[in-house]
Structures are given as C-alpha cells and as structure tokens.
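Here the structure is laid out as structure tokens; the discussion comes afterwards.
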Amino acid sequence: MNDWILDSGASSHLTSDPTNLQQSAPYTGYDSISIANGSNMSIQNSGQGLLPLPESQRKLYLKQIYHVPSLNHNLLSVSSLASDNNISISFTPNEFIIKSLQDNRVLLRGPKLNGLNHIKTPVRCNKAGLTPSGSTNS
C-alpha cells in the first residue's frame, strides 16, 4: 500500500506497512488509535520517513509515523505534514494543493477521489537518509 490519504482530523501519521518507517522502534507508550467508528487500534512501532512526491524530486519529511497493523489506509496528518515541511495544504471541492511556503511554488496538486484526498507515491517511503531534498526546515 503506497498511497497516503491526507487527513485533517489525524494528529499523527499512521501506516499499516512497517516498511514505511525508518529508524523503527517498538512502541512502548500507552496510547492507542481511535477511529471514527469508536474502536481503538494498537500501535506496534514508531519511526520516521520520507514521502516522495509524484513527478518531483522533492520528498516530504514524516517526523513521526506510527505503525498500526490493522489500518486499511496510510494516513497523513495535515497539521504535522504542514509544520514539519514548511508547506501549506489547501482543499477545494475537487482537489488538494500543496505549496512551498518558501517560494509559494505548487509542489503537488491532486484530485479528491471518493471523498478522500490521495497522494499516490511512486515508491515506498525512502529508506536512505532523513533529510528531505529541497528541505526548508530550520
């Protein structure tokens, strides 16, 4: 599962695929993930990652990803993604737009599909290094 869904209600990035994590470590906290239907899911591991943008050399830094094996989709926290990468994310009725706050350049534009904003990645989160290309982090 390489696609990620932008989730404005998520407080953390979540994946069911442990290969999306770098520097993975077993999760030793007591938190669990609450989903819309009211059920809770266990966090197995945590780590970091890089999300390659389609048709671009740019990668977005995923500072904290939780591995939740029972998830059906990879979820990106909109607020974490924006603050960790110095980007803005806007939504229209039919699409989303990710822009660099450094130069206001559009980094990614994608359609809303079945009510969800998908980022289709060409490969899994990058395993080499933790410095996103074109990073604007201080």
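The values are calculated or read from the model by the stated rules, or taken from the named source; none is laboratory data. Predicted, not measured: the structure shown is a model, and the values here were computed from it. Every residue, glycine as well, gets a Cβ built from its backbone with ideal geometry; the counts of neighbours run over all protein chains shown.
Show the residue pairs meeting these rules: Cβ distance below 6 Å; 6+ apart or different chains; first residue within segment 90-115 and under 14 Å from residue 60 (Cα atoms); second residue assigned to a loop (DSSP other than H, G, I, E, B) and at pLDDT 95 or above.
Qualifying pairs under 6 Å: 101/86.
Condition check ((1) modelled with pLDDT of 95 or more; (2) within 15 Å of the chain's Cα centre (by Cα)) across all residues:
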{"site": "75", "(1), (2)": "yes, yes"}
{"site": "78", "(1), (2)": "yes, yes"}
{"site": "84", "(1), (2)": "yes, yes"}
{"site": "91", "(1), (2)": "yes, no"}
{"site": "97", "(1), (2)": "yes, yes"}
{"site": "119", "(1), (2)": "no, yes"}
{"site": "136", "(1), (2)": "no, no"}
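When segment 32-44 is examined, which residues are found to be surrounded by 12 or more Cβ atoms within 10 Å (Cβ to Cβ) and in a loop (DSSP other than H, G, I, E, B)?
Selection gives 35, 43, 44.
Quick one: count up the residues across segment 1-30 that are free of Cβ contacts under 8 Å to residues at least 24 places away in the same chain and either part of a strand (DSSP E or B) or surrounded by 12 or more Cβ atoms within 10 Å (Cβ to Cβ) (or both).
Summing the residues that are free of Cβ contacts under 8 Å to residues at least 24 places away in the same chain and either part of a strand (DSSP E or B) or surrounded by 12 or more Cβ atoms within 10 Å (Cβ to Cβ) (or both) in segment 1-30 gives 2.
State the number of residues belonging to segment 59-83 that are among the hydroxyl-bearing types (Ser, Thr, Tyr) and buried (at least 21 other Cβ atoms within 10 Å of the Cβ).
Residues flagged as among the hydroxyl-bearing types (Ser, Thr, Tyr) and buried (at least 21 other Cβ atoms within 10 Å of the Cβ) within segment 59-83 amount to 2.
Residue by residue through segment 32-82, note down the ones that are β-branched (Val, Ile, Thr) and out of contact with any Phe, Trp or Tyr (no Cβ under 8 Å at 6 or more places or on another chain).
35, 65, 68, 78 - these are the residues of segment 32-82 that are β-branched (Val, Ile, Thr) and out of contact with any Phe, Trp or Tyr (no Cβ under 8 Å at 6 or more places or on another chain).
Consider residue 34 carefully, then state whether it is at pLDDT 95 or above and within 17 Å of residue 11 (Cβ to Cβ).
no
Have a look at 62, 51, 75 and point out the one that is in a strand (DSSP E or B) and in contact with a Gly (Cβ under 8 Å, 6 or more places away or on another chain).
Selected residue: 62, the only one of 62, 51, 75 that is in a strand (DSSP E or B) and in contact with a Gly (Cβ under 8 Å, 6 or more places away or on another chain).
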